[in-house]
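J.: Structure provided below as C-alpha cells; questions to follow.
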Amino acid sequence: MNLEETISRIPPLDREVMEAAEARQSHLTKPAGALGRLEELSILLAGITGSSRPRFSERTLVVAAASHGVTEEVVSAYPTSVTEQMVHNILGGGAAINVLANAAGARLVAVDVGVSPAPQPHPELRRVRLAPGTRNMLREPTMPREHAQQIVESGIMLAEELADYGTTLLGLGDMGIGNTTAAAAIVAAITGAPVEQATGRGTMIGDAVLRNKRAVISDALGRHRPDPEDALGVLGKVGGYEIGFLAGCCLGAAAHRIPVILDGLPVVSAAVLADRLAPAVRSFMIAGHRSAEPGQHVALRHLGLEPLLDLGMRLGEGSGAALAMPLVVAAARTLDEMATFGEAGVDEESDAGQG
C-alpha cells in the first residue's frame, strides 16, 4: 500500500473488545488492580489487536541502519564508519540486540536503508537504499522530498510483509552514527521544544561537542525552517533514512493491528513523524523504556506515552524495545491464561475482603 492508503486503513481501538477484556480482568483471581499497569496494558493490547485475549506467538524486532552526512560536523564520539561495522556485528550475532532479541524470543530483521560504505552482501541483510546516507543538514536538506515519501512507504511495505509472515508484535530499533542529531532536530521541529531540551549526549559526547551539536541543529532548523505540520517536509530537511523507514513501520503495523514497541530517541522521533502523518497511529504505540536522551522524554510527552522501563540506557539498536517485549507478552498472557474466580472455584467476595 502507498502512504495515503495505509493512513486510511489505520483503525481506531476496538472499544467493545476493550470492555470485554476489562470485564475479564475484573474477575481474574487477584485483587482488583493488583497487577497495576500490566492490567491497563493488557486492555490496550486487546483494543489494538481486536481480540479480548490477545496472543503474541510471532514477535519481530526490526533494526534499520543508515549513515548521516551531519557527522561531518563532529556531532558524535564515533566516526561514521562504525555504522557499517555495527551492521556486520549484528549480522554476525555479536551485538547487544542479538542477545536481547534471543532473550525476548523475537526474530531479528536488519535493514540497510542507506549505510555508507555499503555493507557486504549477507543473506540476513535486507537492502532499501535510496542513497548512501543523508546529506549534511547544516549545508542542505538531508534528502529529496520524494525520497522522504519513498522511504516511509518502504517501511510500510516491510510491516505488511511481516504481517503476512505472521508477526503479531513488533519492536523497532535503529543503528546510525549521527542519528540522535537528526532525531533531536525532528523532535524540536515538530514539538516546538527548544533545541537544548531536545538534544542530549548521544554516544556520550563531551561538553564541547554537545554545544556544537546543539548549534548545528539550531542552525539547520534556522536555515531550512521545516513546517511542523508537514512530516515529510521535516524528514526531508533534517531527518534520516532509517527514521523515515521506521515511521513507515509504525504506520504499516497499525494498519494491520500490530502493537509497536518503541525504543530510544531515533525510534521515538520516527513515531512523532508517524503521528503527525496519521494521529490514529499513536494508539498502537507502546513506549518500551525511558532512555537517557532528553529528546526522547520530550517526544514521549508529546505522544502521551509512559515508558514501561527506566534503566538509564542509551544504546539504541532496539535494546529497550527488546527488554520491554516480555512485559508486553506477560500482560497479554495474564489476561488470557489466568483463571477467573468462577473458573477456579474461588470465592470472589468475602466479608474480610482480599488482602
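The values are calculated or read from the model by the stated rules, or taken from the named source; none is laboratory data. As the structure is a prediction and not an experimental result, all values here were calculated from the model. All Cβ positions, even for glycine, are placed from backbone atoms using ideal geometry, and neighbour counts span all protein chains on display. In case anyone asks, the SASA skips ligands and DNA or RNA and just uses the protein heavy atoms, side chains included. Shrake-Rupley method; radii C 1.70, N 1.55, O 1.52, S 1.80 Å.
J.: Among what's in the stretch 1-46 and is assigned to a helix (DSSP H, G or I), touching a residue at least 24 places away in the same chain (Cβ under 8 Å) and open to solvent by 60 Å² or more (accessible area, probe 1.4 Å), pick the residue that is nearest to Leu273 (Cα to Cα).
T.: Arg9
J.: Quick check, is Glu140 within 27 Å of Ala95 (Cβ to Cβ) and of a type in the set (D, E, K, R)? Walk me through how you get there before you give the answer.
T.: Numbers: within 27 Å of Ala95 (Cβ to Cβ): no; of a type in the set (D, E, K, R): yes.
No: the conditions fail for Glu140.
J.: Mind counting the residues in the stretch 133-187 that are of a type in the set (Gly, Ala, Ser) and touching a Cys at 6+ places or on another chain (Cβ under 8 Å)?
T.: Going through the stretch 133-187, the residues of a type in the set (Gly, Ala, Ser) turn out to be 133, 148, 154-155, 159, 163, 166, 171, 173, 176, 178, 182-185.
If we keep only those that are touching a Cys at 6+ places or on another chain (Cβ under 8 Å) as well, we get 155, 159.
Going through the stretch 133-187 one residue at a time, the tally reaches 2.
J.: Can you tell me which residues in the stretch 47-62 are more than 20 Å from Gly288 (Cβ to Cβ) and either buried (at least 16 other Cβ atoms within 10 Å of the Cβ) or in contact with a Cys (Cβ under 6 Å, 6 or more places away or on another chain) (or both)? Spell out how you get there, then give the answer.
T.: Of the residues in the stretch 47-62, the ones more than 20 Å from Gly288 (Cβ to Cβ) are 50-53.
Selection gives Ser51, Ser52, Arg53.
J.: For the stretch 314-352, what are the residues that are assigned to a loop (DSSP other than H, G, I, E, B) and open to solvent by less than 40 Å² (accessible area, probe 1.4 Å)?
T.: Scanning the stretch 314-352 gives Gly316, Glu317, Gly318, Ala339.
J.: A further question follows. Would it be correct to say that Ser269 is among the hydroxyl-bearing types (Ser, Thr, Tyr) and under 10 Å from the mean Cα position of the chain (by Cα)? Walk me through it before giving the result.
T.: Working: among the hydroxyl-bearing types (Ser, Thr, Tyr): yes; under 10 Å from the mean Cα position of the chain (by Cα): yes.
Answer is yes for this residue.
J.: What is the residue count in the stretch 148-192 for residues that are farther than 30 Å from Arg55 by Cα and in a helix (DSSP H, G or I)?
T.: Qualifying residue count, the stretch 148-192: 17.
J.: Looking only at the stretch 100-147, filter to residues that are more than 20 Å from the chain's Cα centre (by Cα) and assigned to a helix (DSSP H, G or I); which one of those is surrounded by the fewest Cβ atoms within 10 Å (Cβ to Cβ)?
T.: Looking at residues that are more than 20 Å from the chain's Cα centre (by Cα) and assigned to a helix (DSSP H, G or I), I get Glu146.
J.: Among the listed residues Ala183, Ala208, Ala215, Ala163, which satisfies the condition of being within 30 Å of Arg107 (Cα to Cα), modelled with pLDDT of 95 or more, among the hydrophobic types (A, V, I, L, M, F, W, C) and surrounded by fewer than 20 Cβ atoms within 10 Å (Cβ to Cβ)?
T.: Values: Ala183 fails: surrounded by fewer than 20 Cβ atoms within 10 Å (Cβ to Cβ); Ala208 fails: within 30 Å of Arg107 (Cα to Cα); Ala215 fails: within 30 Å of Arg107 (Cα to Cα).
The conditions single out Ala163.
J.: Determine whether the stretch 280-288 contains at least one residue that is charged (D, E, K, R) and surrounded by fewer than 23 Cβ atoms within 10 Å (Cβ to Cβ). Can you show your working first?
T.: Narrowing the stretch 280-288 to residues charged (D, E, K, R): 282.
Now restrict to residues that are surrounded by fewer than 23 Cβ atoms within 10 Å (Cβ to Cβ): 282.
Looking for residues that are charged (D, E, K, R) and surrounded by fewer than 23 Cβ atoms within 10 Å (Cβ to Cβ), one finds at least one in the stretch 280-288, hence yes.
J.: Being closer than 30 Å to Val238 by Cβ and assigned to a loop (DSSP other than H, G, I, E, B) narrows it down to one residue among Ser291, Ser269, Ser283; which is it?
T.: Numbers: Ser269 fails: assigned to a loop (DSSP other than H, G, I, E, B); Ser283 fails: assigned to a loop (DSSP other than H, G, I, E, B).
Step by step, each of Ser291, Ser269, Ser283 is checked, and only Ser291 is closer than 30 Å to Val238 by Cβ and assigned to a loop (DSSP other than H, G, I, E, B).
J.: Can you tell me which of (1) under 17 Å from Tyr241 (Cα atoms); (2) in a loop (DSSP other than H, G, I, E, B); (3) open to solvent by less than 40 Å² (accessible area, probe 1.4 Å) is the one Ser76 doesn't meet?
T.: The one condition Ser76 does not meet is (1).
J.: Okay, moving on. Looking at the structure I just gave you, is Ala189 of a type outside the set (D, E, K, R), in contact with a Leu (Cβ under 9 Å, 6 or more places away or on another chain) and open to solvent by 10 Å² or more (accessible area, probe 1.4 Å)? Even if it seems obvious, please write down each step before you answer.
T.: Details: of a type outside the set (D, E, K, R): yes; in contact with a Leu (Cβ under 9 Å, 6 or more places away or on another chain): yes; open to solvent by 10 Å² or more (accessible area, probe 1.4 Å): yes.
Here the answer is yes, as Ala189 does meet what is asked.
J.: Filter the stretch 64-73 for residues that are assigned to a helix (DSSP H, G or I) and of a type outside the set (S, T, N, Q); which is surrounded by the most Cβ atoms within 10 Å (Cβ to Cβ)?
T.: The residue in question is Val70.
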